[in-house]
Structure formats: C-alpha cells, structure tokens
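Reading through the structure tokens given below for one structure.
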Amino acid sequence: MDHRFKRWRSFAGSLLLLTLLVVVVGSAQSNPFPQSTLHPKGDFAQMVDKLFRTTLFWATLVFVLTEAALIFVIFKFRGKPDDAEPKQVHGNTMVEVIWTAIPALVLAMIAVPTVRTIFRTYEIPKGDGVLQVEVIGHQWWWEFRYPELGLTTANELHVPVGRTVSLKMVTQDVLHSFWIPQLAAKRDIFTNRSTTLWFKAEEAGDYPGQCAEFCGLEHARMAFQVIAEAPDAFDSYVSRMQATGVRAPEPVVGSTVSETPVRVAAMVQADPDTLIGAQLFMSKGCVGCHSLDATKPMGIGPNLAGIGTRRYIAAGWLEDTDANLSRWIQDPQVVKPGVMMPDLGVTEAEAQALVAYLRQH
Ligand code: CUA
C-alpha cells in the first residue's frame with residue numbers, strides 16, 4: 001500500500017471519529033448548553049430548528065454527492081505516465097442544463113420553507129389566550145411589563161406553559177437584541193420603532209436569554225431568565241406580584257420610618273432587623289431609581305418587587321445569593337463596571353441590612 005494513501009486513510013479515520021464525537025455530544029439527553037438552539041422547547045424555536053435541519057439535509061446531500069463524484073472521477077480517470085493527450089472538448093449543453101437545473105431545484109427546496117417560516121414567525125399572535133408583554137431594553141438590563149396585569153418586573157420573565165406570549169419591544173437607549181435560544185430566535189430592538197416577537201413554551205423550566213446586539217461595555221452581562229411554569233403557578237406568581245402594590249403612600253427620599261408605607265411597617269414589626277434596611281433604602285437613595293412595587297413602573301433602575309426570590313441579580317450576571325447581593329450593593333462599579341447604579345458608599349453592615357430588607361420583597 002502506498003505511503004500517501006495510508007496517511008490519507010488515517011486522516012479520514014480521525015475526521016470520522018471527530019464527526020461521531022460531535023454527533024454524540026450534540027444529541028446527548030441532558031442539556032449542558034442551555035444557550036443552544038439545538039434543543040428547542042417552544043413552537044417558534046421548533047419551526048426555526050426544522051428549517052435548519054431541512055437546510056442541513058440538502059447541504060449534506062449536495063456535499064456527499066459532490067465529494068463522492070469528485071473522488072470517483074479522481075481515481076477512475078487518473079492519468080498514467082504513458083497516457084496520450086486526452087480529447088479536448090468545449091462545452092456540453094446537456095451537462096450544463098443538468099448542473100443548472102439540480103442546484104435550482106435544491107435552492108427551491110430550501111427557499112420555499114424559508115420564506116414560509118419567515119412569514120409565519122413575523123405574524124403577530126391574536127386572540128384572548130395570548131399574553132401580552134412589553135419588553136424595554138436598557139443599558140444593561142431588561143424591563144418586562146404585563147399591560148393587562150398591570151405588572152412590571154426586570155430580568156426575569158415569568159410565563160405560563162402552553163400559552164402564546166406576544167412581545168412588543170422597544171429600547172430606552174441604544175440598540176439591543178432579544179434572544180431566548182430555546183424558545184425563540186433573536187430579534188433586534190431599535191431606537192425609532194417597536195419590533196415584535198412571540199413564543200410559546202412547551203415545557204416548564206428556566207430558559208436563559210441574552211442580549212445579542214453589541215450595546216456597550218456590559219453587553220455580555222445583559223442576560224435574563226424566562227421562567228416557564230404551569231398556569232396555576234403563574235397565576236400565583238401574578239397574585240404575589242400584584243400584592244406588592246398593596247401599600248400607600250410611596251416612600252420618598254429622606255422620609256422617616258414613621259412615614260413609611262403600611263406594608264413596610266408590618267414587615268418591620270415581623271422582623272425588626274429590616275427596620276434599618278428599610279431606612280437605608282430611602283436614605284441611601286435606592287428608592288430614587290428602584291420601585292419595590294410591581295404595579296408601579298419607574299423605568300430608571302430595575303423594579304425590585306420579587307427580588308427576594310429571583311434566580312439572578314445584575315441582569316443574569318450573579319446568582320441571587322446574600323453574599324452577591326451585598327457585594328453588588330456595596331461595589332456596583334467593581335462588579336459590573338460602567339453600570340448606571342452609582343457607588344453609594346454603603347458599608348458591609350449597611351449592605352447586610354439592605355439585603356435582609358430586600359429578601360422580604
Ligand atoms: Cu443590550 Cu447588548
């Protein structure tokens with residue numbers, strides 16, 4: 001056996017092994033890559049995935065047939081040292097018609113489902129069962145509003161399983177792009193108009209989402225979570241969030257505890273340690289940007305109603321642990337440089353009191 005052929009065979013062997021490995025890892029049951037589009041869990045993402053697989057099928061077929069023909073021709077018509085000059089030809093109408101018609105047919109097989117998917121995914125879902133959500137992109141976090149429920153939240157979007165969610169998206173500053181890989185394809189958010197997107201989660205679970213358009217220093221840390229839950233779990237989430245609005249009047253910067261809302265007063269009674277936190281929330285100026293009431297959108301900093309039970313803080317950047325929350329309150333500019341939240345000179349002890357207070361929201 002010729003030495004060059006042996007080397008070629010070992011190269012082909014390695015390539016085959018590598019391909020098998022990629023296929024095995026890619027089709028593994030558990031999902032170690034939650035930001036992958038290859039495990040769609042919503043109808044929008046499934047449509048896009050189907051289109052991807054259709055295109056991949058045709059591309060693979062073309063690749064295999066072309067390479068097979070090439071290899072066949074290389075070996076079959078290999079020149080030998082004593083061969084005569086081959087017959088010279090110019091043009092062949094039949095071959096040219098065939099190699100124009102076949103690619104045109106393959107392109108049509110890809111174009112028809114592509115155009116159909118584009119139109120289908122751009123439809124705006126209508127009907128009573130559709131849940132409306134407004135998405136507002138901020139540098140660098142996400143604001144979500146449910147206009148029908150009168151709720152505002154940030155960085156964590158709760159949706160019921162099996163119900164179509166219709167998103168209307170705008171930005172507060174620069175361009176962003178909203179993307180939940182397992183549920184829906186990415187769609188840009190512009191400064192001069194609103195864009196729309198929809199999805200329906202088919203399975204309960206936490207789905208990470210990510211800003212997919214470079215939007216400044218902390219673009220990579222502009223993430224969010226979609227929490228898809230059973231309809232009754234979603235309903236109790238809504239009631240919980242609506243209950244954060246049962247209080248009056250709104251606290252203002254510099255107000256004293258005697259002026260604090262009824263709900264805070266009740267909270268302090270239950271846990272006296274949160275008294276300091278409640279005072280600090282006002283005296284440090286947190287209240288100037290953050291609402292603790294899901295029914296009151298402020299739009300400056302993320303709405304903090306429900307912060308006590310969120311998965312992440314700082315737009316998906318840190319797990320919502322006491323230690324992380326305390327660190328974030330003390331040193332926002334170190335944890336996420338360039339973020340709008342200023343360094344408010346909060347000490348360790350003060351941060352702990354604020355954490356205790358926030359944990360009750
Ligand atoms: Cu927002 Cu990148």
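Read the figures in this text as sums done on the coordinates, not as results from a lab. What you see is a predicted model; the values in this text were computed from it and never measured. Counting neighbours? That spans all protein chains shown, and the Cβs are built from the backbone with ideal geometry, glycine included.
Just a few scattered comments:
- Global geometry of region 271-343, whether rounded, prolate or oblate, following the gyration tensor of its Cα atoms and the 1.5 cut on a/c: rounded
- Pairs beyond 28 Å (Cα-Cα), from 6/87; 6/50; 41/168; 296/336: 6/87; 6/50
- Whole-Å semi-axes of the ellipsoid equivalent to the chain (Cα gyration tensor, √5λ, descending): 57, 24, 18
- Theoretical gain in end-to-end length, residue 217 to residue 118 [0.36 nm per residue, Cα-Cα removed]: 32.4 nm
- For region 100-152: rounded, prolate or oblate by the Cα gyration tensor [a/c cutoff 1.5]: oblate
- Trypsin sites (Lys or Arg not before Pro) lying in DSSP loop within region 74-178, provided at most 10 other Cβ fall within 10 Å: 78, 87, 126
- Placing a label point 7 Å from the Cα of residue 15 along the Cα-to-Cβ direction, the residues of region 53-82 whose backbone N falls under 18 Å from that point are 59-76.
- Alpha carbon Rg of region 45-93, scaled by the compact-globule rule 2.2 N^0.38 Å: 1.95
- The length gained on full extension between residue 35 and residue 359, counted as 0.36 nm times the residue separation minus their Cα-Cα distance, comes to 113.8 nm.
- Each part gets one Cα centre, and for region 299-361 versus region 159-229 those centres are 22 Å apart.
- Relative contact order for the chain, counting Cα pairs under 8 Å that sit 6 or more residues apart, in percent: 15
- DSSP-loop trypsin sites (Lys or Arg not before Pro) across region 181-248, with at most 16 other Cβ within 10 angstrom: 193
- Placing pseudo-labels 7 Å out from each Cα toward the beta carbon at residue 60 and residue 203 gives an inter-label distance of 2.1 nm.
- With N the number of residues in region 312-352, Rg(Cα) / (2.2 N^0.38 Å) evaluates to 1.06.
- Each stretch of four or more DSSP H residues adds -39500 (n - 2.57); spread over every residue of the chain, this sum gives -13000 deg cm²/dmol at 222 nm.
- Per-residue HN-Hα couplings for region 220-229 [Karplus 6.51, -1.76, 1.60; θ = phi - 60°; Hz; x = Gly/Pro]: 5, 9, 10, 10, 7, 10, 9, 9, 8, 9
- Once the chain from residue 100 to residue 6 is taken as fully extended at 0.36 nm per residue, the excess over their C-alpha distance is 30.1 nm.
- Under-5 Å amide H pairs with residue 140, H placed in peptide plane, nonlocal only: 340
- Ratio Rg/Rh, restricted to region 106-186 and using Cα atoms, in which Rh is the Kirkwood radius: 1.04
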